[in-house]
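Report on one structure; see the data block that follows.
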Amino acid sequence: MRDLLPTLLEYDPGMLAIIAHRWDVDIAQLDKREAAEALAAAMLDPARAEQEWKRLTDAERGALQTLLSARDHKMPEAQFSRFFGEIRQMGPGRRDREKPHLHPASVAETLYYRGLLATAYDQAKTGGQLFAYVPADLAAVLPTHATGYDLDASAAALPHERGQFEPQTVQPATTTLVDDLTTLLAYLQLVPTPSDKEGLFGQIAEDLSDRWLGEVHPARTALLVTLAGSLGLAASDRGVFKPVPGNARAWLERTRPQQVRALAEGWRASTLFNDLWHTPGLKPEDTGWRNDPLLARQTVLTFLEMVPPDDWWPVARFIEMVKADEPDFQRPAGDYESWYIRDAATGEYLRGFESWDRVDGAVLWFMLTGPMHWLGLTDLGDEGALCRLTVYGRALVGATDWPDRPEEREHITIQPDGTILASRTVSRYERFQLARITEWGPAGDPYVYYLTASGLQRATAQGIGPDVIRPFLKRASGAELPASIHRLLEQWERGGGTEARLTRAVVLRIASEETMKFVTETPELRRYLGAQLGPTAVLVRPGQEDALASALQAHGILVTFDEA
């Protein structure tokens, strides 16, 4: 911020006279510049600065110390005024009438009219906003040592003694987001998925909820989808959201630590995923206001540099630290009125600084226990009351290097009946390719896939033939294929036909041959029937079982259905 003289030159002569009177400087016969220079010289005299310091009350010194201890001796005026009162903005005419310097409305206003602090617009993380500041050269001569306050100390780290906090229950972070993103990319490759937000999220939630290895949570699904888009792994193509081949392959072929790093850095830089709009308990309304999710993440990651690097710490204390040091971390110019956010349970609008804990504090809690946990950055203790940074989390905040150890990858296992097992340590690229040519079984570790006629038909539709599938399966399994798999592929290569077919059918069984004879000889009943399987059993034409049941009961024959 500015030094004292440029600050004083911004004032009108009346304001200079008010400050000069306080400092006992005679500027009556001077022009504006001369008056500002004379006043600056007096205020920067260490002896006079010390004299003025001693005239302050404890409350006034405390307010000034707070400002002096802030970075660059400044803080957003909205934040400073919450602690120490408002500095009323008024022009010379109103000031001459109301004489606020004689009747200051707050501690902040008292310091303002004594020239010990000023206000000016400057750039902040949230954009241009009004700051309260102490001119840098004036801060250097104020005798702050008299109170023993260490102004060179940086923001205090989270109070902590090693081992002070030990959780009863622990939810270790995992890297299942890597596995689930692989599943998502395979799904998008196979299933046309609309790229409009509602259709995209709705279809994925419906089709893939039982396919995730990680927590089934709408915000986690949204994080997966938006990271795929933010990192360029998938994109809209004529209204369909589908993988971008080169980008997707490059990510899939990386080691797991490299993939985790890409996802974590993608979240840190993403404007598509908005943590505020996914925070549980909040219901933001889209009325035109906008927040910048990057600001909140930047604050969290900055403050995480102060937590114990490899031990547990309480989330509530972390949130209190942010509230005390940088409460406006996501609010442009400290605006707590224009955002339309309701309490999801009560419908109450959450406005004003008094709602900070329920909105801003909730966002901080969600980021630590939601996205950062899903990304493998934080372990959770006691259901989110405690957190601990993982090695990936420490790397993201710059406390250590990113892990980049070689990955020991396993081969897939191919069983003679066409069942294929792929553990989480299998190359994600190989599992992606495997998913394109098979039917999907249960998700888990290992994943289960089935080499079937329908899977091979789907492969053919993608232009993947047996000549590609055979060497891929041998390479991915690291072994010769079972003879049965060779025969299956050879048969498919010869023409894609099948030697056997299984058909699901409904069978009518009747206890007596006499009743069955009546049924088969009665035209209004016979029309629902197919081939007879024996004296008391007959096939029912597809889709006609309900109509047949009604017709049988109309003829006095009681019908029951076997349970499926």
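Total residues in the range 182-210 satisfying the condition of being farther than 22 Å from Gly239 by Cβ and crowded, with 18+ Cβ neighbours inside 10 Å: the figure is 2. Looking across the range 233-255, the residues that are among the charged types (D, E, K, R), surrounded by fewer than 15 Cβ atoms within 10 Å (Cβ to Cβ) and either within 19 Å of Gly199 (Cβ to Cβ) or modelled with pLDDT under 95 (or both) come down to Asp237, Arg238. Counting only helices (runs of 4 or more DSSP H) wholly contained in the range 502-558, the ones carrying 1 or more residues that are within 30 Å of Thr452 (Cβ to Cβ) and out of contact with any Ser or Thr (no Cβ under 7 Å at 6 or more places or on another chain) occupy 545-554. Here is a check on your reading of the model: is Gln433 at pLDDT 90 or above and either surrounded by 16 or more Cβ atoms within 10 Å (Cβ to Cβ) or of a type outside the set (Phe, Trp, Tyr) (or both)? Yes; evaluated as a whole, the condition is true for this residue. Residues in the range 385-415 that are surrounded by fewer than 18 Cβ atoms within 10 Å (Cβ to Cβ), farther than 30 Å from Ile485 by Cβ and of a type in the set (Ser, Thr, Tyr): Thr400 alone. Within the range 291-335, the residues that satisfy the criterion of being in contact with a helix residue (DSSP H, G or I) (Cβ under 9 Å, 6 or more places away or on another chain), β-branched (Val, Ile, Thr) and outside any loop (DSSP other than H, G, I, E, B) are Thr299, Val300, Val315, Ile319, Val322. The listed residues are Glu563, Glu524, Glu490, and the only one of them that is touching a helix residue (DSSP H, G or I) at 6+ places or on another chain (Cβ under 7 Å), loosely packed, with under 15 Cβ neighbours inside 10 Å, at negative phi and at pLDDT below 90 turns out to be Glu524. Take the conditions (1) surrounded by fewer than 16 Cβ atoms within 10 Å (Cβ to Cβ); (2) modelled with pLDDT of 95 or more; (3) closer than 30 Å to Gly163 by Cα; Glu348 misses just one of them, which is (3).
Within the range 52-71, identify whether any single residue is more than 19 Å from His103 (Cα to Cα), at pLDDT 90 or above, of a type in the set (A, V, I, L, M, F, W, C) and surrounded by fewer than 18 Cβ atoms within 10 Å (Cβ to Cβ), and answer yes or no. The answer is no; no qualifying residue exists. Of all residue pairs spaced 6 or more apart or on separate chains, those with beta-carbon atoms under 8 Å, a first member in the range 263-292 that is without any contact (Cβ under 8 Å) to a residue 40 or more places away in the chain and within 21 Å of Arg342 (Cβ to Cβ) and a second member that is of a type outside the set (Phe, Trp, Tyr) and surrounded by 16 or more Cβ atoms within 10 Å (Cβ to Cβ) are Asn274/Asn291; Asn274/Pro293; Trp277/Pro284. For Glu514, the criteria (1) under 30 Å from Glu430 (Cα atoms); (2) modelled with pLDDT of 90 or more; (3) loosely packed, with under 12 Cβ neighbours inside 10 Å hold in every case but one, which is (1). In the range 72-148, counting only helices (runs of 4 or more DSSP H) that sit wholly within it, the ones holding 3 or more residues that are at pLDDT below 90 and buried (at least 17 other Cβ atoms within 10 Å of the Cβ) span 77-84. Counting only helices (runs of 4 or more DSSP H) that sit wholly inside the range 425-496, those with at least 2 residues that are outside the structural domain of Pro257 (by TED's automatic domain parsing) and without any contact (Cβ under 8 Å) to a residue 40 or more places away in the chain are 453-461, 466-477, 483-495.
Quick check on Glu166: is it modelled with pLDDT under 95 and more than 28 Å from Tyr447 (Cβ to Cβ)? Taking the combined requirement at face value, the residue satisfies it.
Flag: Arg261 matches the condition of being farther than 15 Å from Gln189 by Cβ and either of a type in the set (Lys, Arg) or not assigned by TED's automatic domain parsing to the domain that holds Leu276 (or both).
In the range 263-299, the residue that is nearest to Lys197 (Cα to Cα) out of those that are of a type in the set (A, V, I, L, M, F, W, C) and crowded, with 20+ Cβ neighbours inside 10 Å is Phe273.
The values are calculated or read from the model by the stated rules, or taken from the named source; none is laboratory data. Given the structure is predicted, the values throughout are model-derived calculations rather than measurements. Counting neighbours? That spans all protein chains shown, and the Cβs are built from the backbone with ideal geometry, glycine included.
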